[in-house]
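The values are calculated or read from the model by the stated rules, or taken from the named source; none is laboratory data. Just so you know, these numbers come straight off a predicted model, no measurement behind them. Positions of Cβ are backbone-derived with ideal geometry, glycine not excepted, and every protein chain shown enters the neighbour counts. Surface accessibility is based on the protein's heavy atoms, side chains included, excluding ligands, DNA and RNA. Shrake-Rupley method; radii C 1.70, N 1.55, O 1.52, S 1.80 Å.
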Amino acid sequence: MNNTIRELRAQHGWSQAHLADLLKVSRQTVNAIETGRYDPSLPLAFAIARLFAQPLETIFHPNQEIA
């Protein structure tokens, strides 16, 4: 799943470690989500959306359309 977390984080001037602290996850988890190696759980995705005050659909984008 593609996402805009890196861009949103940069707009806020936050490091991966700071975002991880806010979300109560590890910095490695933030890195893995940003690079698309890990899809967050639904509760974590909602927490990310709340933190950035954005709808889920503006942050997370599927890699391909479902037929």
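Among all residues of region 21-38, there is at least one that is among the polar types (S, T, N, Q), at pLDDT 95 or above, open to solvent by 80 Å² or more (accessible area, probe 1.4 Å) and part of a helix (DSSP H, G or I).
Looking only at region 1-20, which residues are over 11 Å from the mean Cα position of the chain (by Cα) and assigned to a loop (DSSP other than H, G, I, E, B)? Lay out the reasoning, then the answer.
Going residue by residue through region 1-20, those that are over 11 Å from the mean Cα position of the chain (by Cα) are 10-15, 17-18.
Across region 1-20, the qualifying residues are Gly13, Trp14, Ser15.
Restricted to region 39-67, and to residues there that are over 10 Å from the mean Cα position of the chain (by Cα), in a loop (DSSP other than H, G, I, E, B) and not hydrophobic (A, V, I, L, M, F, W, C), the residue that is surrounded by the most Cβ atoms within 10 Å (Cβ to Cβ) is Gln54. When His12, His61 are checked against the criterion of being at pLDDT below 95 and out of contact with any His (no Cβ under 6 Å at 6 or more places or on another chain), His61 stands alone in meeting it. Take Asn3 and tell me if it is surrounded by 14 or more Cβ atoms within 10 Å (Cβ to Cβ), of a type in the set (S, T, N, Q) and free of Cβ contacts under 8 Å to residues at least 24 places away in the same chain. It is false that Asn3 is surrounded by 14 or more Cβ atoms within 10 Å (Cβ to Cβ), of a type in the set (S, T, N, Q) and free of Cβ contacts under 8 Å to residues at least 24 places away in the same chain.
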